[in-house]
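A short write-up of the structure that comes next.
The values are calculated or read from the model by the stated rules, or taken from the named source; none is laboratory data. Remember, predicted model here, so these are calculated numbers, not experimental data. With ideal geometry, Cβ positions are generated from the backbone for all residues, glycine too; neighbour counts draw on all protein chains shown.
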Amino acid sequence: MKNIFSIFIIIVSFLSFLFFVKPKYVELKALEKKKQQLEEVSVNARRLQELRDSLLEKQKSFSKVDLNRLERLLPDSVDNVKLIIELQNIASRYGLSIQSANSEKDDNNSKLSSKKKFSKKVDFDVTSKDYGTLTLNFTIKGGYQSFLSFLKDIEDNIRITDVKKLEISIGNSEEADDYQFDIALDTYWLKDNI
C-alpha cells in the first residue's frame, strides 16, 4: 500500500508539474522577456530624450538670424511658388522677365499639375533619404549681360540651387539684345524623417 501511495504521489506531482507548473513557468519566462524588452525601450527612450534636450539646447544657442538663414539655405518643405517669386524678383532687378515656369511631381508614377503649371518633382537620396529635390524649368527673356548678372545672383543666393540645363536662343524681335534662356535648376529641402 505504501508503494501504491508513493507512486500515486509521484504521478500526481508529475501531472501537476506538467499541467500547472510548466505552463506557468513558460508564461513567467515570456513575461520576463517582455519586461527586458520594455526596459530596453525605456533606456532608449531616456537616451533619446537626453539627445533631444541637448540638441534643443544647441539650437537655443543659435541666433534667430542664423536659424532664418539656415531655413533659407535648406528649407524643411518645398515652396515652389515662393521660389518662383524669389527668382522673378532677381530677374526684375536686371530687366528680365520669367515667361513660363513649371516643375513636375513624380509620386509613384502619378503626374500631378495645377492651374499655374506648378507641381513638384521629388527625388530622394537613396541611402539616407534626408533631402528632396525640386526641379524647376523656366524661360527668361532679355539681354545677355543682364542674364549673366541674374545667374551671378542665383549663384550668390543663400538657397542652394544647381543649374542643370541652359539653352540660349535668339528672341523673335529685331532688337540686338533679345534672347530667350530656357533653364532647368534643382533646389533642395530637408525632409522630416521622424
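Out of all the residues in segment 58-88, which are surrounded by 12 or more Cβ atoms within 10 Å (Cβ to Cβ) and either on the phi > 0 side of the Ramachandran plot or in contact (Cβ under 8 Å) with a residue 40 or more places away in the chain (or both)? Answer for segment 58-88, where residues must be surrounded by 12 or more Cβ atoms within 10 Å (Cβ to Cβ) and either on the phi > 0 side of the Ramachandran plot or in contact (Cβ under 8 Å) with a residue 40 or more places away in the chain (or both): ARG69, ARG72, LEU73, LEU74, PRO75, VAL78, ASN80, LEU83, ILE84, GLU86, LEU87. Can LYS2 be described as surrounded by 10 or more Cβ atoms within 10 Å (Cβ to Cβ) and at pLDDT below 85? Here the answer is no, as LYS2 does not meet what is asked. Restricted to segment 86-151, the set of strands (runs of 3 or more DSSP E) holding at least 2 residues that are at pLDDT 85 or above comprises 97-102, 131-142.
Here GLU174 clears all of (1) modelled with pLDDT under 90; (2) crowded, with 17+ Cβ neighbours inside 10 Å except the condition numbered (2). Of all the residues in segment 152-171, those that are at pLDDT 85 or above and in a loop (DSSP other than H, G, I, E, B) number 0.
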